[in-house]
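Notes to accompany the following structure.
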Amino acid sequence: MIVRVVLPTHLRTLARVTSSVELEVSEPVTQKSVLDSLEAAYPMLRGTVRDPATKMRRPFIRFYVFDQDFSDEPLDSPLPAEVAAGKELFRIVGAMAGG
Amino acid sequence: MMGNVRVLAGTRKGAFILTSDERRQNWTVDGPHFAGWEIYHITGTSADPKRLYASQTSGWFGQVMQRSDDAGKTWEAVGNDFAYEGVVETHKWYDGTQHPWEFKRVWHLEPSRTDPDSIYAGVEDAALFHSADGGKSWQELSGLRGVKGSLWQPGAGGMCLHTIVMSPDNPDRMFVAISAAGAFRTEDGGKTWQPVNKGLHSGDELPDAEAEVGHCVHSITMHPSRPNTLFMQKHWDVMRTDDSGENWHEVSGNLPSDFGFPIAVHAHEPETIYVVPILSDSYHYPPDGKLRVYRSRTGGNEWEALTKGLPQKDCYVNVFRNAMAVDSLESCGIYFGTTGGQVYVSADSGDNWMPIVHDLPPVLSVEVQIIP
């Protein structure tokens, strides 16, 4: 499956991409499988979205689909079919934080 | 010695590379590299003038390590997996309970002078890592945390290993300093360590003023011709040892304040040292609003203020521990960066100063290289 992922600005710079990235993701398409594919395709992003040891999302990173926050959904839960079909973006967002 | 000068400045919002000829009067500013990220340290190695390393960190995205093989024209993200070795131990937390070690960021990078692929990293929570493959992979030298690590407690700036000093005449000997833990020495390449804090007196910070560990060491430095003599800026007190840390004694002398962060030693005069006095730990700015570097030509105790070209009124910046460096040109250059975004240079051992840049983000680190 081809999944389209939007990265926050600083990670686009780090990955040297200018727009969304397209990833080959094996089924089922879940947060975990998308992030596994992202880190395989862009190794410089390892550790920037999730902790390299625990694989848990970094505290100020959020995941959005359909403008809905999926950040706290189980890592192995299937994402909406539209994401798996490449019709809807999986958005990785740097959370608003600070004063 | 002739050559071009390259100053590497790490800031809160990126890295900057400042270059000049040996006169050090006219500078070119290149950057920001890694714009928007905190660069705790950017440094190079005399083993390969084109090899640079940078510690790039973010509260959102964690730690990234960067390496350049063309003097900063291009960069490659290398390994950022700093996994503590073995079972994760605990250290003392702010409330006195035990708290597990958690990696936060790399504070300091110390490349080998002879092998460009060999580099040490000092990290928060305090530990020492080594890479033998140019930063691709990192292995902890975990013996350090075995030296009463359960008693180490973070200070206000975090429990960071911020200083690494390698002995020039003995590859197995190394010194490190950890905020609110103290100074430590290894004689076997990092396998085993011992605290070297005897003579430090921290009555304002510790219940036991002369405890074996717990002293808030801010930075230490060494002249390569005197590998058994080290100088230390402690939280309060400027100290020196002439027996590799076995015994320290205070050399604060006539300083207007002996609180500060960086300390540096002249490239050609092993008894000439530099500090930047800060009013106190409560204020973190210079006494009387005057930015003064103090120089001792006697290895401490007798200090003179260096003020020419530095602001002498209404100045309330700080100078962080990694933000001072010296070059090796015949007329020794001294450099420091401030929290106000200035990087200053003196091309004559501190007698006269000028700003290289006025308005960078707060400066976290300054290093200098002479490029043949």
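Determine the dipole magnitude for chain B: charges of +1 sit on the beta-carbon of Lys and Arg, -1 on that of Asp and Glu, nothing else is charged, the reference point is the Cα centre, and the result goes in debye to the nearest 20.
Working: 30 positive and 48 negative charges, 147 e Å.
Charge dipole, chain B, about its Cα centre: 700 debye, nearest 20.
List the relative contact order of the range A:2-94 as a percent without decimals, with contacts defined as Cα pairs under 8 Å and 6+ residues apart. Working shown, then result.
Working: 133 pairs, mean separation 35.4, N = 93.
Dividing the mean separation by the residue count of the range A:2-94 yields 38 percent.
If you count, for every residue in A:41-48, the Cβ atoms of partner chains within 10 Å of its Cβ, what is the mean? Could the numbers behind the result be given before it?
Values: counts 0, 1, 3, 8, 4, 6, 11, 8.
Average per residue, whole number: 5.
Please state the charge dipole magnitude for the range B:288-372, taken about the Cα centre, from unit charges on C-beta atoms (+1 on K and R, -1 on D and E), reported in debye and rounded to the nearest 20.
On the way: 7 positive and 10 negative charges, 44 e Å.
Using only the charged Cβ atoms, the result is roughly 200 debye.
Out of all DSSP beta bridges with both ends in the range B:315-372, state the antiparallel percent to the nearest 5.
Around 90 percent of the beta bridges assigned by DSSP in the range B:315-372 are antiparallel ones.
Cα-Cα pairs above 14 Å in the range A:1-56: how many percent? Present the calculation step by step, with values, prior to reporting the outcome.
On the way: 778 of 1540 pairs.
Taking all Cα-Cα pairs of the range A:1-56, the fraction more than 14 Å apart is 51 percent.
Mind grabbing the base-10 log of I(q)/I(0) for the range A:2-94 at q = 0.18, 0.21, 0.24 Å⁻¹? Debye formula, identical points on the C-alpha positions, no solvent, two decimal places.
Treating every Cα as an identical point scatterer, log10 I(q)/I(0) equals -0.74, -1.05, -1.46.
Tell me the net charge near residue B:146. Cut-off is 12 Å between Cβ atoms, residue B:146 excluded, with +1 for each Lys or Arg and -1 for each Asp or Glu.
On the way: positive: B:145, B:148, B:191; negative: B:85, B:89, B:140.
Once all neighbours under 12 Å are counted, the net charge is 0.
First select every other residue whose beta carbon is under 13 angstrom from the beta carbon of residue A:93; then total the charges, Lys and Arg +1, Asp and Glu -1. Intermediate results must be reported in sequence, preceding the final value.
Values: positive: A:12, A:57, A:58, A:62, A:91; negative: A:67, A:69.
Local net charge: +3.
Given Cα pairs under 8 Å that are at least 6 residues apart, what percent is the relative contact order of the range B:4-371? Before the final figure, lay out the partial values.
On the way: 1082 pairs, mean separation 44.4, N = 368.
Once normalised by length, the contact order is 12 percent.
Stokes-Einstein at 10 °C, 1.306 mPa s, Kirkwood radius from Cα pairs: D for the range B:4-371 in µm² s⁻¹? Mind dumping the intermediate values first?
Values: Rh = 20.3 Å.
Rounded, D is 78 µm²/s.
Under a point spin-label approximation (7 Å from Cα along Cα-to-Cβ), what is the residue A:55-residue A:26 distance to one decimal in nm?
Between residue A:55 and residue A:26, the label points sit 1.3 nm apart.
Picking from B:282, B:150, B:68, which is most flexible by a Gaussian network model of chain B using Cα springs under 10 Å?
B:282
Choose one answer from B:212, B:124, B:85: the residue with the largest mean-square fluctuation in a GNM of chain B with alpha-carbon springs under 10 Å.
Among B:212, B:124, B:85, the largest mean-square fluctuation in the Gaussian network model of chain B belongs to B:85.
Do the sum for the protein assembly as shown: with -39,500 (n - 2.57) for every DSSP H run of n ≥ 4, divided by all residues, what is the mean residue ellipticity at 222 nm, to the nearest 500 deg cm²/dmol?
When only DSSP H runs of four or more count, the value is -1000 deg cm²/dmol.
Positive end of the dipole of the range A:2-94, charges at C-beta (+1 Lys, Arg; -1 Asp, Glu), about the Cα centre: which of A:92, A:45, A:81 has its Cα farthest in that direction?
A:45
Give me the inter-chain shielding for A:50-60: mean count of other chain Cβ atoms within 10 Å, whole number please. Don't skip to the answer; put the middle values down first.
Working: counts 1, 3, 8, 6, 0, 0, 0, 0, 5, 2, 5.
Partner-chain Cβ atoms within 10 Å, mean over residues of A:50-60: 3.
Considering chain B as a Gaussian network with a 10 Å cut-off on Cα pairs, which listed residue, B:172, B:327, B:125, attains the greatest mean-square fluctuation?
Answer for the Gaussian network model of chain B: B:172.
How about the range B:288-330: which GluC sites (Glu not before Pro) there are in a DSSP loop, with at most 16 other Cβ atoms within 10 Å of their Cβ?
Details: sites: B:302, B:304, B:330; in loops: B:302, B:330.
For GluC sites (Glu not before Pro) across the range B:288-330 that sit outside H, G, I, E and B with at most 16 neighbouring Cβ atoms in 10 Å, the list reads B:302, B:330.
With the cut-off at 28 Å, tell me which of the pairs B:92/B:234; A:32/B:50; A:55/A:87; B:234/B:308 have Cα atoms farther apart than that. Please report the intermediate quantities before stating the final value.
Details: B:92/B:234 21 Å; A:32/B:50 39 Å; A:55/A:87 26 Å; B:234/B:308 26 Å.
As for pairs spanning more than 28 Å Cα to Cα, those are A:32/B:50.
Among the aspartates and glutamates, select those whose C-alpha is under 16 Å from the C-alpha of residue B:191, and discard any that sit fewer than 8 residues away in the same chain.
Result set, ordered by chain and number: B:85, B:140, B:172.
Could you give the dipole magnitude of the protein assembly as shown about its Cα centre, charging the beta-carbon of Lys and Arg +1 and that of Asp and Glu -1, in debye to the nearest 20?
Values: 42 positive and 61 negative charges, 187 e Å.
About 900 debye.
Lys and Arg at +1, Asp and Glu at -1: add these up for the other residues within a Cβ distance under 14 Å of residue B:48 and post the number. If you can, show how the numbers build up before the last one.
Values: positive: B:6, B:50, B:51, B:67, B:113; negative: B:69, B:70, B:115, B:117.
Charge balance near residue B:48 sits at +1.
For the protein assembly as shown, what are Rg and Dmax over the alpha carbons, in angstrom?
Considering the protein assembly as shown through its Cα atoms, Rg and Dmax are 23.2, 74 Å.
Over the Cα atoms of the range B:215-304, each weighted equally, I'd like the Debye log10 I(q)/I(0) at q = 0.10 Å⁻¹, rounded to two decimals.
These q points yield log10 I(q)/I(0) values of -0.22.
Percent antiparallel among DSSP beta bridges with both residues in the protein assembly as shown, to the nearest 5? Walk me through the intermediate numbers first.
Numbers: 109 of 112 bridges.
DSSP beta bridges in the protein assembly as shown are roughly 95 percent antiparallel.
How many partner chain Cβ atoms sit within 10 Å of a residue's Cβ in peptide B:51-57, on average, as a whole number? All intermediate terms of the calculation are to be shown ahead of the outcome.
On the way: counts 0, 0, 0, 0, 0, 2, 0.
Mean shielding count: 0.
Rg(Cα) of the range B:288-372 divided by 2.2 N^0.38 Å?
Values: Rg = 12.7 Å, N = 85, 2.2 N^0.38 = 11.9 Å.
Working it through for the range B:288-372, the quotient is 1.07.
Going toward the positive end of the dipole of the protein assembly as shown, with +1 on Lys and Arg Cβ and -1 on Asp and Glu Cβ, which of A:23, A:61, B:317 do you reach last?
Positive-end residue among those listed: A:23.
FYI, it's all coordinate maths here, none of it is from the lab. Computed from a prediction, not measured in an experiment: that's the story for all the values here. In this analysis, Cβ positions are derived from the backbone assuming ideal geometry, glycine residues included, and neighbour counts consider all displayed protein chains.
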